[in-house]
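One structure below.
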Amino acid sequence: MIENDEKKCDINPPVGGGGADYLIIGQGICGTMLSWFLKKENKSFIILDDDREHTASKVAAGIINPVTGRRYVSSWMTEELTSFALQSYKELGVYLNSEFIFQKDIIDIFPSAQMRDAFVNRIAENNTFLHTYPNQNDFNPIFNYDFGCGRIAPAYLVHIQLMLASWRKELFNLNAIRQTTFEVSKLKVSEEGVTYEDINAKKIIFCDGISSMQNEWFQLLPFSAVKGEALIIECNDMPHNFIFKKGFMMAPHSVENHFWVGSDYQWKFEDAAPSEAFYKKATAHLKHWLKVPFNILFHQAAIRPATIERRPFVGFHPLYSNVGILNGMGTKGTSLAPYFAHQLVQHLVYDFPIMEEASVQRFSRTLSK
Ligand SMILES: Cc1cc2nc3c(=O)[nH]c(=O)nc-3n(C[C@H](O)[C@H](O)[C@H](O)COP(=O)(O)OP(=O)(O)OC[C@H]3O[C@@H](n4cnc5c(N)ncnc54)[C@H](O)[C@@H]3O)c2cc1C
């Protein structure tokens, strides 16, 4: 069990320049969860993060959906990952005097009779996350829909941007973060540890999202960058108690009456900027779907650090035992990051093994070239 009253055991050793156990690059969801579990183990660390604007974690909706794809297949390890994520986000919320995770079931508004039939068939096959929705006309005042709706439950929403910002503030209080761009030319790696400017640490761990695709230690890993875009809209008549889905997802944002609408999956793209094509498609979709008025506030895009075989990259380089990575969370950073950050910390502190399917050791041969 993870304890909830972390603040009471205020025994984190001082961090900052000079000596630290770990040097972490990046404070997205991976760097955040890794540093949180290190703190719980009273290990010292220093994070370097450049606070760039459109990272995957800053653009993500933060949805934890127990099913995947058009066939509603249960997501990989969904029960184990979700219950661990739930506990972790609650606990971090208690520590930071805030609340980051909420159960928000998904109302799946069927776009076609075929999709409705697929949903109903999966219920008949005993998929425990899919449920009929009793009052089919409940959402008639808000949405245009002809084929009914179902409920995907339990699903969760993490206010990921709020959480990252709150933890960042605490990291500054702890003198455990520097807002700077990491430059590999300044890093010295030896068998004893790593040195970066005035920082000496035992190990460095890269949590730098898509930057790891250019990283000289890990660039040979089978990454697959996937661009995604989203709109933030304002809508005063939209209920906050569900996530709605019809082609796009619509999830309540941490700001009242603001909703996240997205996303898409682009494997081929020219740059990371928001595209006109997505804007047009999403706007047309919303105009057709919503009966209530809305305003588009922002249009965002980011590149997901996904992997070809859809499993994360966790652990240490086979030739450089002081160089590690926590990455490759793809489309599911919200559910995967807490579990695998915790596993990496357990490995560091107690030498516990990292799950084979996620360990970078599965690419030992590739990384040893
Ligand atoms: C549109 C969209 C929607 C999504 N929706 C969901 C969702 O609903 N649910 C879900 O589970 N997942 C979702 N995802 C996926 C999820 O966002 C990612 O899996 C996750 O955010 C990856 O986190 P990360 O920490 O690995 O990387 P990042 O979030 O990219 O963090 C990397 C950090 O490293 C820093 N950094 C990078 N290079 C350097 C450097 N050289 N020096 C200093 N700092 C550096 C960056 O500033 C950043 O803070 C979505 C992604 C997108 C793009």
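Structure values in brief
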item: First in segment 327-345 and at positive phi and open to solvent by less than 10 Å² (accessible area, probe 1.4 Å), second anywhere and modelled with pLDDT of 95 or more and more than 7 Å from the ligand (Cβ to nearest atom), Cβ under 6 Å, 6 or more apart; result: Gly328/Thr307; Gly328/Pro312; Gly328/Phe313
item: Where a residue in segment 161-173 is within 16 Å of Arg52 (Cα to Cα) and its partner, wherever it lies, is open to solvent by 30 Å² or more (accessible area, probe 1.4 Å), with Cβ under 6 Å and at least six apart; result: Gln161/Lys58; Leu162/Ser254
item: Listing of strands (runs of 3 or more DSSP E) fully contained in segment 48-135 that carry 3 or more residues being away from the ligand (no atom under 16 Å from the Cβ) and more than 18 Å from the chain's Cα centre (by Cα); result: 130-132
item: Given (1) open to solvent by less than 10 Å² (accessible area, probe 1.4 Å); (2) more than 10 Å from the ligand (Cβ to nearest atom), index of the condition Ala165 fails; result: (1)
item: Verdict on Ser57 being small (Gly, Ala, Ser), in contact (Cβ under 8 Å) with a residue 60 or more places away in the chain, under 25 Å from Met238 (Cα atoms) and open to solvent by 40 Å² or more (accessible area, probe 1.4 Å); result: no
item: Flag for Phe242 being within 15 Å of the ligand (Cβ to nearest atom) and over 18 Å from Ala56 (Cα atoms); result: yes
item: Number of positions in segment 324-355 that are β-branched (Val, Ile, Thr) and within 15 Å of the ligand (Cβ to nearest atom); result: 3
item: Enumeration of residues in segment 41-60 that are in contact with a helix residue (DSSP H, G or I) (Cβ under 7 Å, 6 or more places away or on another chain) and closer than 18 Å to Leu162 by Cβ; result: Asp49, Thr55, Ala56, Ser57, Lys58, Ala60
item: Wholly enclosed strands (runs of 3 or more DSSP E) of segment 170-248 bearing at least 3 residues open to solvent by less than 10 Å² (accessible area, probe 1.4 Å); result: 199-206, 223-234
item: Among the residues listed as Ser185, Ser254, Ser190, Ser212, the single one being more than 11 Å from the ligand (Cβ to nearest atom) and under 18 Å from the mean Cα position of the chain (by Cα); result: Ser254
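The values are calculated or read from the model by the stated rules, or taken from the named source; none is laboratory data. Given the structure is predicted, the values throughout are model-derived calculations rather than measurements. A quick note on method: Cβ atoms are made from the backbone with ideal geometry, for glycine too, and the neighbour counts reach across all protein chains shown. Just the protein is used for accessible areas: all its heavy atoms, side chains included, with ligands, DNA and RNA removed. Shrake-Rupley method; radii C 1.70, N 1.55, O 1.52, S 1.80 Å.
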